[in-house]
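Peer 1: Please read through the structure below; I'll follow up with questions.
The values are calculated or read from the model by the stated rules, or taken from the named source; none is laboratory data. What you see is a predicted model; the values in this text were computed from it and never measured. Using ideal geometry, Cβ is built from the backbone for each residue, glycine included, and neighbour counts are taken over all protein chains shown.
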Amino acid sequence: MIAPRKIIRCLDEHWTVIEQLVERSANGNFSFQDVQHLILRHNNGMSSEQVFREAQRFLQLEILIPLAKSSQLELNRSVLEFAQQLMQEQQLGLATDIESRILELKRLSERMREAAQSRDSSELRRFSRVMDERIREVLKHFGQNESAILSLVERAKADEGKLSLARRYAAVMDAFDDYIDPVLALVDINGPFQKTVSDVEAMLSDLLQIIEVTGTLNTEKETLIQLRTRLIEMNQLGRESLSRCADLLMPLRDELRRNTLLSRNASFLLGQMRKKGIDLTLEPLVPAISSDSQRFSLGSANQITSYMAELCQYEHDAYQLPEEILSNHSMLMQVPELKDVVHKAKALKKLPDLSRWLADSYPELPVDELLFLYQELSRSDELILQHSEHNTELTLNGYKLTLHPFQSSEAGTL
C-alpha cells in the first residue's frame with residue numbers, strides 16, 4: 001500500500017505540473033516524454049536523470065497510470081477529481097446524474113418509513129446516513145455543474161480569436177440541451193425533483209411528529225431534524241444554482257438568436273435580389289438622395305472628350321429585365337415587440353392556452369421566436385397565468401411541440 005503522505009508530498013512539490021496535466025487530460029492522454037518536458041519546464045535546475053526519476057516517481061505513486069496496451073499515460077481518476085475540485089475546473093455533468101439520486105432518495109424514504117413502523121432504530125439510522133450522503137452528492141453535482149458552466153462562459157468570452165463563433169455557440173447550446181433544459185424539466189413544479197422533495201419532507205415531518213407524541217425512537221430525533229434541514233437546503237440551493245447557470249448562458253444564447261435572425265433576413269434579401277434584381281429590391285428600402293451641384297457639374301476637357309468618344313461607339317445590348325414577383329408578405333421578417341405582445345394579451349378577458357394563442361396570432365413567426373415570446377410572457381408580472389393540468393400538442397412550421405401550456409387564472413381576467 002502506498003503511504004498517503006508520499007502522495008501528498010509529491011503533489012505539493014509538483015503542483016504546477018499537476019495543473020498542466022489536468023488541462024491536458026481534458027483533451028486526451030499524454031506520453032512519458034510530455035511529463036518529463038513539463039517537469040523540466042518548471043524546474044530548470046534539474047538534470048536529465050533527476051527529471052527521469054521524478055517522472056518515474058509519478059508512476060510509482062500511481063499518480064499517473066499507463067493505458068491498457070499502450071505507452072500513453074493518464075492521471076489517476078481520484079487525483080484528477082481532487083485537482084479539478086481545487087482548481088474549480090469541473091466538467092459539465094448530466095441531468096440524469098441528479099435524477100438518479102433523486103429517485104434513490106425516494107426509494108430510501110420508503111425503506112425508512114418501513115424501519116420506523118417496525119421501530120428498528122439501527123435501520124433507521126443507516127437509511128438516514130445513506131440519504132444524507134445522496135443529498136450531499138446532489139449538492140455537489142449542482143456546484144460542479146455551475147463551476148463548469150462558469151468556465152464555459154469565461155472561455156467563450158475570453159478569446160474569440162482562438163474559439164470560433166460557431167464553436168462558442170455549439171458549446172453554449174450543448175450546455176442548454178444537456179443540462180439546463182433537462183434540469184428545468186426535472187425541477188418543474190410537476191417534475192420528479194419537486195415531488196420527491198415534498199414527499200420526503202412530509203415523511204420526515206410525520207416521523208418527527210410521531211416521535212414527539214409517542215416518545216419512541218427519541219435518540220434519532222436530532223438526526224431526522226438535520227436530514228430534513230439538509231433536504232430543504234438542497235431544494236433551495238439547487239434552484240438558486242440553476243438560476244445562476246441560466247443567467248450566465250442566456251446572454252450568449254440571445255446572441256445566437258440575434259445572429260440567426262440576422263442571417264435569415266440577409267439570406268431572404270439576397271434571394272429577392274436574385275429574383276427581382278438589385279434596383280427593384282433596394283428601391284423601397286434605400287432613400288433617393290441627389291444633389292443639384294452634382295447633377296449640373298462639368299468635368300475636365302479630357303473627361304468630356306473620352307465620354308463623347310464612348311457615345312460614338314455605343315451599341316445597344318439586348319437585356320431581358322426580370323419580371324416583378326408580387327408578394328403579399330413583408331420583404332424582411334418583422335419580429336413583434338415584446339411590450340406590444342404583452343399589451344395585446346392583457347386586452348383579452350380570458351386566455352385558455354397561451355401557446356395556441358401565440359401560434360394563431362403570429363402564424364408566420366419562426367418557432368424559436370414563438371418560444372422566446374412564450375417564455376417571456378410566462379415570466380411577465382403584468383399577466384396572471386398558471387400551468388394547465390393537461391398537456392397540449394402544437395405543430396409549428398413542421399415542428400411538433402408537447403407542453404403544459406400557461407393559461408389565465410380561474411378568475412378569468414389577465
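Peer 1: What's the total number of residues in segment 71-80 that are surrounded by 14 or more Cβ atoms within 10 Å (Cβ to Cβ) and part of a helix (DSSP H, G or I)?
Peer 2: So the count comes out to 2.
Peer 1: Here's a follow-up. What are the pairs, 6+ residues apart or on separate chains, where a residue within segment 198-220 that is in the same structural domain as SER122 (by TED's automatic domain parsing) and part of a loop (DSSP other than H, G, I, E, B) has its Cβ under 6 Å from a residue that is surrounded by 12 or more Cβ atoms within 10 Å (Cβ to Cβ) and not aliphatic (A, V, I, L, M)?
Peer 2: Going by the 6 Å Cβ cut-off, the qualifying pairs are LEU217/SER121.
Peer 1: Now a separate question. Taking the options ILE102, ILE63, name whichever one is under 30 Å from LEU227 (Cα atoms), modelled with pLDDT of 85 or more and crowded, with 18+ Cβ neighbours inside 10 Å.
Peer 2: That would be ILE102, the only listed residue that is under 30 Å from LEU227 (Cα atoms), modelled with pLDDT of 85 or more and crowded, with 18+ Cβ neighbours inside 10 Å.
Peer 1: Here is a further query. Among the residues of segment 279-286, is any part of a loop (DSSP other than H, G, I, E, B), at pLDDT 65 or above and closer than 30 Å to ASP368 by Cβ?
Peer 2: Within segment 279-286, one or more residues are part of a loop (DSSP other than H, G, I, E, B), at pLDDT 65 or above and closer than 30 Å to ASP368 by Cβ.
Peer 1: Taking segment 343-355 only, how many residues are surrounded by fewer than 18 Cβ atoms within 10 Å (Cβ to Cβ), aliphatic (A, V, I, L, M) and either in contact with a strand residue (DSSP E or B) (Cβ under 9 Å, 6 or more places away or on another chain) or closer than 21 Å to ASP254 by Cβ (or both)? Spell out how you get there, then give the answer.
Peer 2: Taking segment 343-355 as the starting set, the residues that turn out to be surrounded by fewer than 18 Cβ atoms within 10 Å (Cβ to Cβ) are 343-344, 346-350, 352-353.
Within this subset, residues satisfying the condition of being aliphatic (A, V, I, L, M) are 347-348.
Narrowing the set further to residues that are either in contact with a strand residue (DSSP E or B) (Cβ under 9 Å, 6 or more places away or on another chain) or closer than 21 Å to ASP254 by Cβ (or both) leaves 348.
Within segment 343-355, residues that are surrounded by fewer than 18 Cβ atoms within 10 Å (Cβ to Cβ), aliphatic (A, V, I, L, M) and either in contact with a strand residue (DSSP E or B) (Cβ under 9 Å, 6 or more places away or on another chain) or closer than 21 Å to ASP254 by Cβ (or both) number 1.
Peer 1: Which of the residues spanning segment 101-155 are acidic (Asp, Glu) and more than 20 Å from GLU220 (Cα to Cα)?
Peer 2: Across segment 101-155, the qualifying residues are GLU104, GLU137, GLU146, GLU154.
Peer 1: While we're looking at this one, here's another question. Within segment 22-46, take every residue that is surrounded by 12 or more Cβ atoms within 10 Å (Cβ to Cβ) and part of a loop (DSSP other than H, G, I, E, B) and give me the one that is modelled with the lowest pLDDT.
Peer 2: Ranking the candidates gives ASN29 first.
Peer 1: Please verify whether segment 83-97 includes one or more residues that are free of Cβ contacts under 8 Å to residues at least 40 places away in the same chain, charged (D, E, K, R) and in a loop (DSSP other than H, G, I, E, B).
Peer 2: Within segment 83-97, none of the residues are free of Cβ contacts under 8 Å to residues at least 40 places away in the same chain, charged (D, E, K, R) and in a loop (DSSP other than H, G, I, E, B).
Peer 1: Based on what the data block shows, is LEU358 in a loop (DSSP other than H, G, I, E, B), surrounded by 12 or more Cβ atoms within 10 Å (Cβ to Cβ) and out of contact with any strand residue (DSSP E or B) (no Cβ under 8 Å at 6 or more places or on another chain)?
Peer 2: Values: in a loop (DSSP other than H, G, I, E, B): no; surrounded by 12 or more Cβ atoms within 10 Å (Cβ to Cβ): yes; out of contact with any strand residue (DSSP E or B) (no Cβ under 8 Å at 6 or more places or on another chain): yes.
So LEU358 does not fit the description; no.
Peer 1: Right, another one. Could you list, in sequence order, all residues of segment 298-316 that are assigned to a helix (DSSP H, G or I), among the polar types (S, T, N, Q) and modelled with pLDDT of 70 or more?
Peer 2: THR305, SER306
Peer 1: Out of the residues in segment 179-197 that are in a helix (DSSP H, G or I) and either of a type in the set (S, T, N, Q) or touching a Pro at 6+ places or on another chain (Cβ under 9 Å) (or both), state the one that is modelled with the highest pLDDT.
Peer 2: Checked segment 179-197; the qualifying residue modelled with the highest pLDDT is THR196.
Peer 1: Looking at ALA83, ALA55, ALA68, can you tell me which residue is small (Gly, Ala, Ser) and loosely packed, with under 13 Cβ neighbours inside 10 Å?
Peer 2: Result: ALA68 is the single residue among ALA83, ALA55, ALA68 that is small (Gly, Ala, Ser) and loosely packed, with under 13 Cβ neighbours inside 10 Å.
Peer 1: Just the residues that are part of a helix (DSSP H, G or I) and either of a type outside the set (Phe, Trp, Tyr) or within 17 Å of ALA347 (Cα to Cα) (or both), please, taken from segment 367-382.
Peer 2: Within segment 367-382, the subset part of a helix (DSSP H, G or I) is 367-379.
If the condition is that a residue be part of a helix (DSSP H, G or I) and either of a type outside the set (Phe, Trp, Tyr) or within 17 Å of ALA347 (Cα to Cα) (or both), then VAL367, ASP368, GLU369, LEU370, LEU371, LEU373, TYR374, GLN375, GLU376, LEU377, SER378, ARG379 are the ones that fit.
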